[in-house]
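First the structure, in the form of structure tokens, and then the observations on it.
The values are calculated or read from the model by the stated rules, or taken from the named source; none is laboratory data. Predicted model only: the values in this text are computed from it and were never measured. Heads up, the Cβs are rebuilt from the backbone with ideal geometry, glycines too, and the neighbour counts pull from every protein chain shown. Ligands, DNA and RNA are stripped out before the accessible areas are found, and what is left, the full protein with its side chains, is counted by its heavy atoms. Shrake-Rupley method; radii C 1.70, N 1.55, O 1.52, S 1.80 Å.
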Amino acid sequence: MPQDVTFDLPFKTPVSKHLEYARERHLDWVWEMGLVRSQAGFEEYQSWDLPQAAARTYPHASADDMVVLMNWFSLAFLFDDQFDARSPDRADRIAVVAQELIATPLRPAGTAPRVICPITVAWVKVWAHLSDGMSLMWRTRFAASWGRFLVAHTEEVDLAAKGLAGTLGLDEYASFRRRTVGIHHSIDAGERSRGFEVPAQVQAHPLMIQMRDLAADVIGFMNDIHSFEREKRRGDGHNLIAVLYGERGGTWKEAVEEAYRMTTARLDEYLKLEERVPEMCEELGLTGEERAQVRMGVEAIQHWINGNYEWALTSGRYAAAKEGPAAIAELAGKGALDDLLAV
């Protein structure tokens, strides 16, 4: 049921016209970079349809930039799946690779990684393109958001390795999920995809900070609902439904309903704040050009809320009924068929 759960979102967002052009080049790239290492792994990866996710969340990117964004999605999603519950010592390797991924945006673009594996090598190439033409302020903001996300990811893996996944209380989990969902840097990338930057005084304003946080909550909670069956197969307790079920008891259906209620409540909060954006622009005395940049910044958030939602409804990544090598791997506690952390 969870992947079939629908939400009534108040805005529709476009899909890139470059989807098929970029998809073909992207799929060649994942083979070239060793991000898939088996035919079964490639078929599973294709079923996720990450190109559609990128085309929906960054609909205004150029054709070549769309390829880069799809490439970024591949290494990020595949890295997220590298933990194996049967091998908890793998958490140490994940932490080492995460540190390397964090360091890459802090070095001159194109610097070779110190830790070598398909994911780190791919990220160096992606970052060189992704950061091109952006200001030091944007690159610093992106690096900080990206770093917080990867630190949270390693914390999540550590909890799983110690058998403590799903032990966080609801409030603690909600705060943690805001970091593990990785939305802040993803919204930042929306600026790169469209060639603009939200003014620094706007990014620092409490209204924008709250909007970005609430967007992360909405997207993270919707993702938890749609991915629940896959994560339950893997024995992954890092999911809002599982946390609600463990803390409040009742049935799984009741936990899904409460997760839905929490998600729509966060969405309502976000929409109320969005209505106050013109007021913020007046308060800050923004120019016409700056207001246009703010408008595009808000659209970048909308693209992620709706685009990620539309993709998740059909992605094979979250399919409830799954057969073959991927299903066997998930039942064994693995998220990926191919090892991408080794040289």
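Structure notes:
- For region 133-163 versus region 43-109, the inter-centroid distance based on Cα atoms is 12 Å.
- Per-bin percent of Cα-Cα distances, region 153-242 [5 Å]: 3, 13, 20, 22, 16, 11, 9, 6, 2
- Beyond 29 Å in Cα-Cα separation lie the following of the pairs Lys17/Lys334; Lys17/Lys125; Lys12/Lys232; Lys232/Lys272: Lys17/Lys334; Lys12/Lys232; Lys232/Lys272.
- Positive-pole candidate from Gln302, Gly288, Tyr260, dipole of region 245-311, charges at beta carbon: Tyr260
- Across q = 0.16, 0.18, 0.22, 0.26 Å⁻¹, region 79-140 modelled as identical point scatterers on its alpha-carbon atoms has Debye log10 I(q)/I(0) values of -0.56, -0.66, -0.87, -1.07, in the order of the q list.
- Pairs of alpha carbons in the chain whose separation is greater than 40 Å (percent): 8
- Across region 269-322, counting alpha-carbon atoms alone, Rg and Dmax equal 16.5, 54 Å.
- A 1.4 Å probe run over region 1-43, with the rest of the protein chains in place, finds 60 Å² accessible per residue.
- A protection proxy built from the mean count of other Cβ atoms within 10 Å ranks the segments 221-228, 232-239, 260-267, most packed first, as 221-228, 232-239, 260-267.
- Protein heavy-atom accessible surface, 1.4 Å probe, per residue over region 252-311: 48 Å².
- Charge dipole magnitude, Cβ of K and R +1, D and E -1 - region 30-151, Cα centre, debye nearest 20: 460
- Expressed in Å, the radius of gyration and Dmax of the Cα atoms of region 1-86 are 14.4, 43.
- Packing here is the average count of other Cβ atoms within 10 Å per residue, and on that basis the peptides 10-16, 327-333, highest first, run 327-333, 10-16.
- What a 1.4 Å probe finds exposed on the chain is 52% carbon and sulfur by accessible area, rounded to a whole percent.
- Inter-label distance, Glu24 to Ala63: 1.0 nm, where each label sits 7 Å from its Cα along the C-beta direction.
- Working from Cα pairs under 8 Å separated by at least six residues, relative contact order for region 51-196 is 30 percent.
- Here the sum of -39500 (n - 2.57) over DSSP H runs of 4 or more residues, divided by the residues of the chain, equals -22000 deg cm²/dmol at 222 nm, to the nearest 500.
- Isotropically averaged projected area of region 38-136, using the convex hull of Cα atoms (one quarter of hull area), nm²: 7.6
- Placing +1 on the Cβ of every Lys and Arg and -1 on the Cβ of every Asp and Glu, with nothing else charged, gives the chain a dipole about its Cα centre of roughly 480 debye.
- Residue-wise HN-Hα couplings along region 295-310, as the Karplus relation 6.51 cos²θ - 1.76 cosθ + 1.60 with θ = phi - 60° gives them from phi, are 4, 5, x, 5, 4, 4, 5, 4, 4, 6, 4, 7, x, 5, 4, 4 Hz; Gly and Pro carry x.
- When the Gaussian network model of the chain links Cα atoms closer than 10 Å, the mean-square fluctuations of Val298, Val96, Val30 top out at Val96.
- The mean sequence separation of alpha-carbon pairs under 8 Å and at least six residues apart, normalised by the residue count of the chain, gives a relative contact order of 30 percent.
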